[in-house]
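See below for the structure under consideration.
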Amino acid sequence: DAMVIQNPRYQVTQFGKPVTLSCSQTLNHNVMYWYQQKSSQAPKLLFHYYDKDFNNEADTPDNFQSRRPNTSFCFLDIRSPGLGDAAMYLCATQSYNEQFFGPGTRLTVL
Amino acid sequence: QKEVEQNSGPLSVPEGAIASLNCTYSDRGSQSFFWYRQYSGKSPELIMFIYSNGDKEDGRFTAQLNKASQYVSLLIRDSQPSDSATYLCAVSNTGKLIFGQGTTLQVKP
């Protein structure tokens, strides 16, 4: 039944060690988003795709990259994670005006 | 000034009471307004959306929108302990959502 799937649910990495988070969807939605959410804060938009058109938020650090090889899959790459990148990473898809979130990946940086 | 503002709370209400959650926004061009519920450690879940001025009811939830005042609210009637969560207000103009930081609601048995 899961419509937006994120893997892994929990990720532990070391300072500076690259990490990739994945998101897949069974909804066939054109629009996909990546958010970063830190404790007690609002979700912060990092990127979004409309089909394969990539849109980078102005304040998203260069350390964060994204790939969308097809409609169903989207990846978030963090090239050199710092302690400040520890957060929940949320993937979402959109149909009309409604966004549907995956369960999130909790990233810990040691 | 933040684009979407919410009182972080916590807002504490007794079981069975009405909980009132408020949100203001700065972009007068905003067209769509959403309320998400987020349990601790979980992802946001859409509970209501509203596009037009006035009230919209869905079960125990009522969303209220006043574009002139740039104000949107969520009322939860007959609050239950299971309603205890953080409620995120989100506003959209271009399709992208701008979130407030959320209001934590505690419903005490």
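The values are calculated or read from the model by the stated rules, or taken from the named source; none is laboratory data. Note that the structure is predicted; figures quoted are calculated from it, not measured. Quick reminder, even Gly has a Cβ in these numbers, built from the backbone with ideal geometry, and neighbours come from all protein chains shown. The protein model used for the area step is the full one, side chains on, heavy atoms only, and it has no ligands, DNA or RNA in it. Shrake-Rupley method; radii C 1.70, N 1.55, O 1.52, S 1.80 Å.
Some values worked out for this structure:
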item	result
Test for residue B:76: is it closer than 30 Å to residue A:107 by Cα, buried (at least 16 other Cβ atoms within 10 Å of the Cβ), more than 11 Å from chain A (Cβ to nearest Cβ) and free of Cβ contacts under 8 Å to residues at least 60 places away in the same chain	no
All positions within the range B:50-61 that are open to solvent by 80 Å² or more (accessible area, probe 1.4 Å), assigned to a strand (DSSP E or B) and in contact with a Ser or Thr (Cβ under 9 Å, 6 or more places away or on another chain)	B:55
Residue satisfying condition, being more than 12 Å from residue B:88 (Cα to Cα) and open to solvent by 40 Å² or more (accessible area, probe 1.4 Å), within set B:70, B:64	B:64
Hey, residue A:75 surrounded by fewer than 19 Cβ atoms within 10 Å (Cβ to Cβ) and in contact with a helix residue (DSSP H, G or I) (Cβ under 7 Å, 6 or more places away or on another chain) or not	no
So residue B:28, is it open to solvent by 60 Å² or more (accessible area, probe 1.4 Å) and closer than 22 Å to residue A:42 by Cβ	yes
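Quick grid of which residues meet (1) closer than 30 Å to residue A:49 by Cβ; (2) touching a helix residue (DSSP H, G or I) at 6+ places or on another chain (Cβ under 9 Å); (3) in a strand (DSSP E or B):
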residue	(1), (2), (3)
B:30	yes, no, no
B:35	yes, no, yes
B:48	yes, no, yes
B:73	no, no, yes
B:82	no, no, no
B:89	yes, no, yes
